[in-house]
Structure formats: structure tokens, C-alpha cells
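Reviewing the structure listed below.
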Amino acid sequence: MNPFPYINNELYCEDVPVSRLAVEFGTPLWIYSKNFLLHQLRQIQTAFADVDPVLCYSVKANSNLSILKTMAEAGSSFDVVSGGELYRVKAAGADTTKVVFAGVGKTDDEIRFALESKILMFDVESEGELDAISAIAGEMGVVAPVALRLNPDIDAKTHSKTTTGKKGNKFGMDIERFQELAAKVLHDPNLKLTGIHMHLGSPILTTDPYAAAGRKAIDVVQGLRAAGHEINWINLGGGFGISYRQDEGLPASAYAEVIVPAVKEAGCRLALEPGRFICGNSGILVGKVVYTKQEGGKTFVIQDAAMNDLVRPAMYDSFHRIWPVKPSVAMPENLEGEISGCDKVDIVGPVCESGDTFAKDRYFPEVQRGDLVAIFSAGAYGTAMSSNYNSRPRGCEVLVDGGKVTVIRRRESYADLIRHELLD
Ligand SMILES: *Cc1c(COP(=O)(O)O)cnc(C)c1O
């Protein structure tokens with residue numbers, strides 16, 4: 001399914017012309033395809049159906065309430081990394097009893113909130129956290145379900161800012177500490193060890209790291225059972241990659257092929273925390289060309305979406321396909337080389353930082369002031385990481401379902417920018 005097809009040389013989201021939405025709602029504009037969100041979730045549900053997994057959509061990838069509601073209605077649960085995310089899950093009307101809570105710095109308030117919400121389990125990342133959860137559960141008179149987060153020392157070959165399962169980063173614990181803490185839980189009436197958690201990093205475009213994690217999980221689960229734990233869950237986190245460039249993303253079935261047999265062998269239930277895989281290619285960011293400019297031997301296309309909207313290129317050097325909404329040259333599969341009929345340009349935003357650059361030396365069709373450009377694969381870690389830097393109000397978000405369009409976040413106003421500030 002292609003949620004953003006070009007039809008008669010014009011970009012659509014499902015059945016709706018993108019230009020119509022830009023006229024109605026202005027730019028920068030986030031457009032999501034509801035049916036692609038559901039398609040991606042179903043792809044994972046189907047691929048892993050054999051082990052009846054609990055799929056916990058990773059809220060941090062895109063935390064818009066309507067997206068959470070869409071996920072909940074389609075049978076997804078949630079992975080949260082803060083009290084705020086748990087609050088959102090509740091506000092979306094979702095059940096919290098299948099929520100998993102990860103993150104290295106859970107505060108006492110967040111732990112209490114999660115226990116009150118009767119979540120499925122905490123992914124515990126340190127001894128200090130384990131002690132805090134035990135103390136708070138004790139005060140509340142409840143038993144806290146915990147999984148320990150293992151740092152499996154697997155190199156998932158992602159960007160240095162998004163690798164999480166390698167020795168030396170802040171996530172999880174090594175196997176020695178894991179065993180120590182498991183032993184500690186055994187004698188703690190406030191805690192119950194229910195599983196093992198690993199999240200290897202993101203985005204991961206091969207299955208090898210998951211195969212290695214699966215093998216490790218089998219060993220660890222067997223060891224824990226021998227030590228007297230009743231282990232029910234293997235949680236392999238998220239990280240499934242997507243196609244940002246062409247079609248480098250794997251289908252969910254490829255990951256399932258290596259994960260499902262391991263989960264079966266361990267005799268456990270599977271939890272997964274996919275974020276990007278579900279929402280990444282479900283969304284685009286549409287900007288409008290403000291100026292084009294020739295300077296220093298280069299051509300700049302300055303459009304009104306910026307790094308405060310989508311920070312991934314500035315933060316991770318990430319590649320996004322970008323193409324006009326009504327192009328003079330049809331979009332080729334490969335946007336990374338020379339393209340006939342196109343000139344080399346830098347596509348930038350208005351923010352006062354050189355890092356506010358979406359593409360450097362990219363072949364791009366000629367555009368004029370007022371033309372619309374689409375930045376693809378913007379549905380994950382787009383709005384979720386956006387800010388008001390340069391006092392830029394955040395854009396509008398719309399959800400498209402066939403021919404139906406729903407505004408799921410209003411455009412911010414100037415008044416919104418200063419809403420919480422006080423004049424001394
Ligand atoms: C960020 C994160 C995820 C989601 O990663 P994706 O690449 O978006 O699938 C899952 N689990 C944990 C613990 C995370 O921190």
C-alpha cells in the first residue's frame with residue numbers, strides 16, 4: 001500500500017490531494033494516512049500471530065492522541081517512557097493494563113502513577129530503580145511486575161545517538177548484574193520478576209541483531225527458571241527499520257522469522273515495542289517554498305518547514321525523500337544520485353542555524369515561491385521531537401482516512417508561544 005501516491009502528477013494522501021489540504025490548513029502541515037498506520041500494525045500482528053504477542057506501540061515515536069486512539073482501537077497496547085506518555089495513553093481512552101514502562105530515570109511520582117494505573121510491567125534499568133519500585137509498591141501494598149532490561153552487548157549498527165543495546169551506553173544492565181538483581185527480586189515480596197526486556201536500538205535494517213537477542217533470551221530465561229523464577233515474557237523492544245531512501249525496509253515477517261522460533265523455544269509470551277515501523281511512513285511534512293536563492297555557487301530552496309518541526313536531519317544526519325507536491329519531473333525511485341531535468345540544490349528551513357538543512361546537494365525539480373514540497377517518512381520522531389525554537393508555532397496535524405480528513409492537532413498561534421510565561 002502506498003499512502004502517498006502521485007496521481008496525474010500531483011501528490012495525494014489516500015484519496016485527498018495534498019495541495020487541497022495545504023490550502024485549507026496552511027503550512028507547515030503534517031499529514032498522516034490512517035489506513036497505512038493500521039496496515040503497518042496489522043502487518044506486525046499477522047507476522048507474529050503464532051505467538052499471540054502483546055504489541056506495545058512506542059508512544060515516543062508519535063504521541064498524538066488520535067494516533068494513540070487509532071492504535072488502541074486496532075488492538076495495540078503501548079510502550080511508555082515517562083509519566084506524561086502514560087497520561088496520554090489514558091487520555092486517549094486506552095487500557096493501561098498492558099502498558100510497559102521503560103526508561104533509565106523513572107521518578108518516584110512516575111512509578112507511583114504507573115502502579116496506580118496497574119501497568120503490565122516495568123522495564124527496570126538499574127538496581128536503584130528496582131529498589132525505588134520495591135519501596136513504593138510496598139507503601140502502596142501492591143506487588144510490582146518487573147522485567148529486567150538486559151544490555152545484550154549487540155551492535156545493531158545504527159546511528160551513535162540511537163544505539164542502545166551495546167556495552168557502554170546508558171540503557172539496561174549487563175548479564176552479571178542482571179543475575180544479581182534477579183536473585184534480589186526472588187526474596188522481595190513487593191516485586192515479581194515476570195520477564196526479560198531488550199531494546200537494541202533503531203532503526204535496524206537486518207534481522208541478525210534480533211536473532212542474536214532471541215538466542216540470548218532463551219539462555220537467560222532458562223537460567224532464571226532454574227533459579228526459581230516464573231518467567232512469562234520476552235520483550236524484544238522496537239527498532240524495526242523502514243524505507244527512508246527506497247525500499248530498504250524489511251517486512252515484519254522477516255523479523256518474525258528469527259524472533260518467533262526463539263520465543264517458542266523459550267516457552268514465553270512475546271512483547272514488542274514498535275514505533276517507527278508503524279508511524280514513520282504514515283506521515284509527511286508539507287512545506288511551502290518561501291524563496292529560492294543563489295549564493296556562493298549554490299542554489300537554496302528555502303521552505304517554511306524547519307528543524308524545529310523535524311529535527312532528524314540535524315540531529316541524526318538522517319535522509320528524507322523530498323519532492324514537490326506538483327512536480328515538473330516525476331519522482332524517481334532513487335533520489336540520491338543525478339536526476340535528469342533537475343538541478344542540485346540545498347533544501348533548507350528558515351531557522352537561524354546552518355543545521356536547519358533537510359537536504360544538501362540534492363537533485364530537485366525547479367520550484368517557485370509558493371510551491372509545495374513534501375518531506376516523506378516524517379511520521380515518526382517528527383512532531384514528537386518538535387519544538388518552538390525561533391518562536392515558531394508548531395504546525396497543524398491532519399489524519400486522512402480515505403476521503404475523510406480530521407484535524408488532530410490545531411496549528412499553534414503566537415499566543416500559544418507565550419501562554420506559560422509570566423511578565424515579571
Ligand atoms: C524508542 C524505543 C522504542 C521504539 O523504537 P522504534 O525504533 O521507534 O521502533 C521501543 N522501546 C524502547 C524502550 C524505546 O526506547
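The values are calculated or read from the model by the stated rules, or taken from the named source; none is laboratory data. Small disclaimer: the values here were computed from a predicted structure and weren't measured. Ideal geometry is used to build each Cβ from the backbone, glycine not excepted, and the neighbour counts take in all protein chains shown.
Observations on the structure shown:
- Any hit, segment 206-226, residues being assigned to a loop (DSSP other than H, G, I, E, B) and within 24 Å of residue 145 (Cβ to Cβ): no
- Flag not set for residue 236, criterion: farther than 20 Å from residue 312 by Cα, near the ligand (Cβ under 9 Å from one of its atoms) and either in contact (Cβ under 8 Å) with a residue 60 or more places away in the chain or buried (at least 22 other Cβ atoms within 10 Å of the Cβ) (or both).
- Within segment 325-335, tally of residues that are in contact (Cβ under 8 Å) with a residue 60 or more places away in the chain and either surrounded by 13 or more Cβ atoms within 10 Å (Cβ to Cβ) or farther than 24 Å from residue 306 by Cα (or both): 7
- Residue 85 vs. criteria within 13 Å of the ligand (Cβ to nearest atom), of a type outside the set (A, V, I, L, M) and over 24 Å from residue 279 (Cα atoms): no
- Count of segment 264-293 residues, restricted to those that are more than 16 Å from the ligand (Cβ to nearest atom) and either outside any strand (DSSP E or B) or in contact with a His (Cβ under 8 Å, 6 or more places away or on another chain) (or both), is 5.
- Residue match in segment 348-361 (condition: over 18 Å from residue 313 (Cβ atoms), of a type in the set (Val, Ile, Thr) and in a loop (DSSP other than H, G, I, E, B)): no
- Scanning segment 1-27 for residues that are acidic (Asp, Glu) and part of a helix (DSSP H, G or I) turns up just one, 24.
- For segment 81-109, the candidate set comprises residues that are buried (at least 22 other Cβ atoms within 10 Å of the Cβ) and out of contact with any Lys or Arg (no Cβ under 8 Å at 6 or more places or on another chain); within that set, the residue that is farthest from residue 41 (Cα to Cα) is 106.
- Some residue of segment 176-183 being touching a residue at least 24 places away in the same chain (Cβ under 8 Å) and out of contact with any helix residue (DSSP H, G or I) (no Cβ under 9 Å at 6 or more places or on another chain): yes
- Some residue of segment 294-305 being more than 16 Å from the ligand (Cβ to nearest atom), small (Gly, Ala, Ser), within 30 Å of residue 387 (Cα to Cα) and touching a residue at least 40 places away in the same chain (Cβ under 8 Å): yes
- Whichever residue in segment 361-420 is of a type in the set (Asp, Glu) and either more than 30 Å from residue 294 (Cβ to Cβ) or outside the structural domain of residue 16 (by TED's automatic domain parsing) (or both) and, among such residues, is surrounded by the fewest Cβ atoms within 10 Å (Cβ to Cβ): 416
- Residue 318 being out of contact with any strand residue (DSSP E or B) (no Cβ under 9 Å at 6 or more places or on another chain) and either surrounded by fewer than 18 Cβ atoms within 10 Å (Cβ to Cβ) or not assigned by TED's automatic domain parsing to the domain that holds residue 364 (or both): yes
- Taking every residue in segment 354-367 that is touching a residue at least 40 places away in the same chain (Cβ under 8 Å) and pairing it with any residue that is assigned to a loop (DSSP other than H, G, I, E, B) and surrounded by fewer than 17 Cβ atoms within 10 Å (Cβ to Cβ), at least 6 positions away or on another chain, the pairs with Cβ-Cβ distances below 6 Å are 365/328; 365/329.
- Hey, residue 329 away from the ligand (no atom under 16 Å from the Cβ) and either in contact with a His (Cβ under 8 Å, 6 or more places away or on another chain) or in a helix (DSSP H, G or I) (or both) or not: no
- Selection within segment 224-235: residues that are touching a helix residue (DSSP H, G or I) at 6+ places or on another chain (Cβ under 8 Å) and modelled with pLDDT under 95. The member of this set that is nearest to residue 273 (Cα to Cα) is 231.
- Some residue of segment 186-199 being in a loop (DSSP other than H, G, I, E, B), farther than 22 Å from residue 277 by Cβ and either within 16 Å of the ligand (Cβ to nearest atom) or outside the structural domain of residue 251 (by TED's automatic domain parsing) (or both): no
Each row is one residue, and each column tells you yes or no for (1) assigned by TED's automatic domain parsing to the domain that holds residue 89; (2) touching a Leu at 6+ places or on another chain (Cβ under 6 Å); (3) assigned to a strand (DSSP E or B); (4) within 16 Å of the ligand (Cβ to nearest atom).
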| position | (1), (2), (3), (4) |
| --- | --- |
| 128 | yes, no, no, no |
| 139 | yes, no, no, no |
| 145 | yes, no, yes, no |
| 153 | yes, no, no, no |
| 158 | yes, no, no, yes |
| 167 | yes, no, no, no |
| 170 | yes, no, no, yes |
| 177 | yes, no, no, no |
